[in-house]
């Protein structure tokens, strides 16, 4: 249903470093970059997640907002979490099975440096 999602970030270069590292284990890459933003998606395809610089006042995404990204397997979820935390993110939930969402729901949660809650999930 979704074509793409845009997130405002306070520091574009800091956000690029975070998302480059965190999305790589999931198989996503930076597919474009300019002074006005950066986009991520499957290599060689259009962006599905776009970052653009805004003032701190312009940041959106209230308490209920979170972005869930598809991971191909558990190792990718583990890699996402480790890379995100090592690059300025904060853990919001270690990698593991979330039985309440289903027996094969393996996920991890982080907050990016701008405060957005990002999840990686593998459905097994």
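Here, each number is a calculation from the coordinates, and none is a lab measurement. All values reported here derive from a predicted model rather than from experimental measurement. As a convention, Cβ positions derive from the backbone with ideal geometry for all residues, glycine included, and neighbour counts pool all protein chains shown.
Mean separation of Cα pairs under 8 Å and 6+ residues apart, divided by the residue count of the chain: what relative contact order is that in percent?
Working: 265 pairs, mean separation 31.7, N = 124.
Computed value for the chain: 26 percent relative contact order.
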Query raised in the report: When the chain is fully extended, how far beyond the present Cα-Cα distance does residue 101 get from residue 52, taking 0.36 nm per residue of separation?
Result: 14.4 nm
Report task. Hey, could you grab the Kirkwood Rh for the range 1-53? Inverse mean 1/r over distinct alpha carbon pairs, Å, one decimal. Result -> 10.9
Query raised in the report: Taking every DSSP beta bridge that has both residues in the chain, what percent is antiparallel when rounded to the nearest 5?
Result: 65
Query - Virtual spin-label span in nm between residue 94 and residue 35, 7 Å along Cα→Cβ - result: 4.6
Report task. Compute the distance in nm between two label points, each set 7 Å from the Cα along the Cα-to-Cβ direction, one at residue 45 and one at residue 10. Result -> 3.3
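Å³ per residue of the Cα convex hull, for the chain?
On the way: hull volume 13.0 nm³, N = 124.
Convex hull of Cα atoms, per residue: 105 Å³.
Counting other beta carbons within 10 Å of each Cβ, put 32, 18, 52 in order, fewest first. Walk me through the numbers on the way to the answer.
Details: 32 12, 18 24, 52 16.
With the sparsest Cβ surroundings first, the list reads 32, 52, 18.
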